[in-house]
Amino acid sequence: MPELPEVETVRMQLRQKVAGKQIESVEVFHSKAVNHDETIEDTLRGKTIADIDRIGKLLIFSFVDEADVFLLAHLKMTGQFFFVDLEGDIAGGGHTMTESAGRDFPHKHSRVAFHFTDHTTLYFNDMRLFGYAKLATAAEVAIARGKFGPEPITPNFDCTWFASKLKKRKTPVKAALLGQSFVAGLGNIYVDEALWRAKVRPTRRADKVTKAEALLLCKASGDVMNESIKVGGTTFQHFVDTGGDNGNFTDYLKVFGQQGKACERCGETIKKIRCAGRGTHYCPSCQK
Ligand SMILES: [Zn+2]
């Protein structure tokens with residue numbers, strides 16, 4: 001499952017490729033990928049992509065002069081977007097696991113193709129069909145937005161608000177941070193990393209985290225994701241960005257996947273436990 005930095009990387013790179021392009025036709029190879037919507041071809045034909053926005057890990061395509069038509073796309077486990085230009089050059093983003101299906105598009109995992117008037121094409125591929133690229137109204141986009149809290153990577157994210165909200169939670173701090181309605185976008189890897197930076201143990205009850213720790217944790221959450229976005233995300237799940245590069249934030253991880261290794265800060269052995277239903281990594285010495 002790609003985490004937010006990977007999806008943000010895809011968003012930033014994809015918008016450079018497709019913003020301003022007019023859709024000539026839409027080919028649906030598997031109707032589940034478009035939520036069995038038979039109107040998608042007619043609705044999108046002739047529309048020009050204005051921008052790609054994001055809520056959590058949901059990508060939102062908007063269209064020029066269209067206030068009530070959006071395309072919502074979620075990569076889920078195995079989704080990918082591939083943009084094929086006039087020279088046949090391919091820029092892909094998402095999972096590499098359909099590499100076996102070949103690089104001639106469409107291939108067996110291609111679910112939707114958006115053909116542009118300049119003869120370039122955007123493919124949505126998804127081996128396991130958990131992802132989607134479906135139409136939505138402005139009201140539906142608003143509902144989706146309402147399910148997500150603010151993102152720590154937002155400039156001027158309010159860490160005092162973050163600390164006060166954390167104080168009201170009785171779950172382990174890790175579980176609180178994973179909840180997307182509190183803060184959006186923090187996935188398993190980044191929660192573990194942020195907790196290590198803030199020296200807070202994942203199993204601590206959220207309401208027992210001090211304000212000073214919460215402020216550190218807030219800053220760490222934003223920092224760790226912004227740093228990951230800068231280098232294109234992590235690669236565990238075979239992620240490639242739309243430039244075809246592997247993200248390499250894995251080189252910077254301090255606790256995630258580091259169990260058995262020495263903590264870089266204090267030398268204690270990093271432990272792996274289960275917390276909030278997820279594999280959780282922490283230093284038993286310097287994370288209190
Ligand atoms: Zn340590």
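Worth a mention:
- Among residues of the range 19-54, those that are under 19 Å from the mean Cα position of the chain (by Cα) and either part of a helix (DSSP H, G or I) or modelled with pLDDT under 90 (or both), counted: 1
- Any pair with Cβ under 9 angstrom, 6 or more apart, that starts in the range 204-221 at a residue that is closer than 17 Å to T280 by Cβ and ends at one that is part of a helix (DSSP H, G or I) and of a type in the set (F, W, Y): L217/F162; A220/W196; S221/F162; S221/Y190
- Qualifying strands (runs of 3 or more DSSP E) (wholly inside the range 102-186; at least 3 residues being within 19 Å of the chain's Cα centre (by Cα) and of a type outside the set (S, T, Y)): 121-126
- Among the candidates S164, S181, the residue that is modelled with pLDDT of 95 or more and over 30 Å from D42 (Cα atoms) is uniquely S164.
- Residue count, the range 187-210 (criterion: in a helix (DSSP H, G or I), away from the ligand (no atom under 16 Å from the Cβ), within 18 Å of I229 (Cα to Cα) and not β-branched (V, I, T)): 2
- Candidate set from the range 274-288 (those that are buried (at least 17 other Cβ atoms within 10 Å of the Cβ) and within 16 Å of the ligand (Cβ to nearest atom)); member that is farthest from A198 (Cα to Cα): T280
- Contact annotation: residue pairs with Cβ atoms under 7 Å, 6 or more positions apart or on different chains, pairing a residue in the range 257-268 that is at pLDDT 95 or above with a partner that is more than 6 Å from the ligand (Cβ to nearest atom) and part of a loop (DSSP other than H, G, I, E, B), are Q258/I270; Q259/I270; G260/I270; K261/I270; C263/I270; E264/K254; E268/P284.
- Subset of the range 133-146 (residues that are modelled with pLDDT under 95 and touching a strand residue (DSSP E or B) at 6+ places or on another chain (Cβ under 8 Å)): A144, R145
- Test: residue in the range 95-114 that is surrounded by fewer than 22 Cβ atoms within 10 Å (Cβ to Cβ), more than 16 Å from the ligand (Cβ to nearest atom) and modelled with pLDDT of 95 or more: yes
- Failed condition for A73, given (1) modelled with pLDDT under 90; (2) within 20 Å of the chain's Cα centre (by Cα): (1)
- Of the numbered criteria (1) at pLDDT 95 or above; (2) more than 16 Å from the ligand (Cβ to nearest atom); (3) surrounded by 16 or more Cβ atoms within 10 Å (Cβ to Cβ), the one M225 fails is (1).
The values are calculated or read from the model by the stated rules, or taken from the named source; none is laboratory data. Everything numeric in this text was worked out from a predicted model, so none of it was measured. With ideal geometry, Cβ positions are generated from the backbone for all residues, glycine too; neighbour counts draw on all protein chains shown.
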